[in-house]
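A short worksheet on the structure shown next.
The values are calculated or read from the model by the stated rules, or taken from the named source; none is laboratory data. In this text, all values refer to a predicted model and were calculated from it rather than measured experimentally. Neighbour counts are summed over all protein chains in view; Cβ atoms, including those assigned to glycine, are modelled from backbone coordinates with ideal geometry. Just the protein is used for accessible areas: all its heavy atoms, side chains included, with ligands, DNA and RNA removed. Shrake-Rupley method; radii C 1.70, N 1.55, O 1.52, S 1.80 Å.
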Amino acid sequence: GPEGRRLKLAAMAPRGLLLDFGAVISVSLFEQHRRTEEVLGLAPGSLAWLGGLAGMTGRAFWQERQERQTLMQLFSRHVSTPIAEDIWRQRASFMAGGRPKPQTLTATVLFSDIRDFTPVAERLGPEELIAWFELYLERMVAIVAAEHGLVLRFIGDALLVAYGVPVPRQSQAEIAADAQASARTALRMIAEIGTLNGELAERGLPPIGIRIGIYTGPLVAGSLGGATHVEYSLLGDTANTAARLETLGKQHPGPGPGTILLGGPTAELLGPGFDLLPAGEMLLKGKSQPVAIYRLLGDTAPGTAEAVAISTELSQSRL
């Protein structure tokens, strides 16, 4: 009867539900398996792509690390950290193949030397001489760094400094700014020598006098050397002329702690903020044409009392 049919349907309902639920599970498992096979089918290509990407990233990281080590080796020893970081940011303008590429630049070179160094070296013992010299170098390098110059090398008791390398200058205003920075550096060096000599006298050590030559012009710059030793070098007439101007100071020493001689191209870039004394034209060693020479006496900008004192003292002497 009706009651029997209801009981029969009630008894069948759980089994029907179980069958339907089992079908759903079967379909779900089948779909998941199908999708897994699709994913696994793509896996070899995806893994290869990811592996290639990782390899490229690793190689780029290694190359960048090598470039950074090279630049820090060449330029970070005698410059401030901000300058070193600025060189790193602009590396694309002068790097190729992981090292500075050869290129022609317009730069200003400052060459300084200690006058009468040999007699001092003969007078002092080794420890005293090194302490005397290191104190001088520490002060000079700090001044160069403050003016954004680059100390490229110590040559005996001489300093080779450059402005406008390794990042190429793009305008005449930038080239002029380098020349002006070199002039400020030279004046600050001599002012600091005056202070340093007072300290040396208290220690019973001999005073220091320096000669400085500065010249602006084109030169070839780039890295020289092999895998174990690389140096950033300047080649050409500009660097040689700066050295010749420094040597010329031996023949015409001033009464103060230092003499600064400039070439004509540098003098033209300084502008009215500097006190220059024309010294005529001279034929320097290795030059086929005479060079216009100027003595830098001081900085006429406000707030340079030390430079004004130097200007007054040196104005008594001419080449």
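Take the range 82-119 and flag every residue that is in a helix (DSSP H, G or I) and open to solvent by 20 Å² or more (accessible area, probe 1.4 Å).
Pro82, Ile83, Glu85, Asp86, Trp88, Arg89, Arg91, Ala92, Ser93, Phe117, Thr118, Pro119
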If you go through the range 279-301, how many residues are under 18 Å from Ile212 (Cβ atoms) and in a strand (DSSP E or B)?
11
Exclusive hit being in contact (Cβ under 8 Å) with a residue 12 or more places away in the chain and surrounded by fewer than 19 Cβ atoms within 10 Å (Cβ to Cβ), set Glu202, Glu231
Glu231
Checking Ser171 against (1) without any contact (Cβ under 8 Å) to a residue 60 or more places away in the chain; (2) surrounded by 20 or more Cβ atoms within 10 Å (Cβ to Cβ): exactly one of these is not met. Which one?
(2)
Please specify each residue of the range 120-158 satisfying the condition of being open to solvent by less than 70 Å² (accessible area, probe 1.4 Å), of a type outside the set (Gly, Ala, Ser) and part of a strand (DSSP E or B).
Leu150, Val151, Leu152, Arg153
When every residue in the range 231-258 that is in contact with a helix residue (DSSP H, G or I) (Cβ under 8 Å, 6 or more places away or on another chain) and of a type outside the set (Asp, Glu) is compared, the one farthest from Met189 (Cα to Cα) is Tyr232
Could you look through the range 247-278, keep only residues that are in a loop (DSSP other than H, G, I, E, B) and of a type outside the set (Lys, Arg), and pick out the one that is most open to solvent (accessible area, probe 1.4 Å)?
Gln251
Do any residues in the range 270-295 that are within 20 Å of Arg184 (Cβ to Cβ) and hydrophobic (A, V, I, L, M, F, W, C) have Cβ atoms under 9 Å from those of residues that are open to solvent by 90 Å² or more (accessible area, probe 1.4 Å) and not in a strand (DSSP E or B), where the two are at least six apart or on different chains, and which pairs are they?
Leu277/Arg318
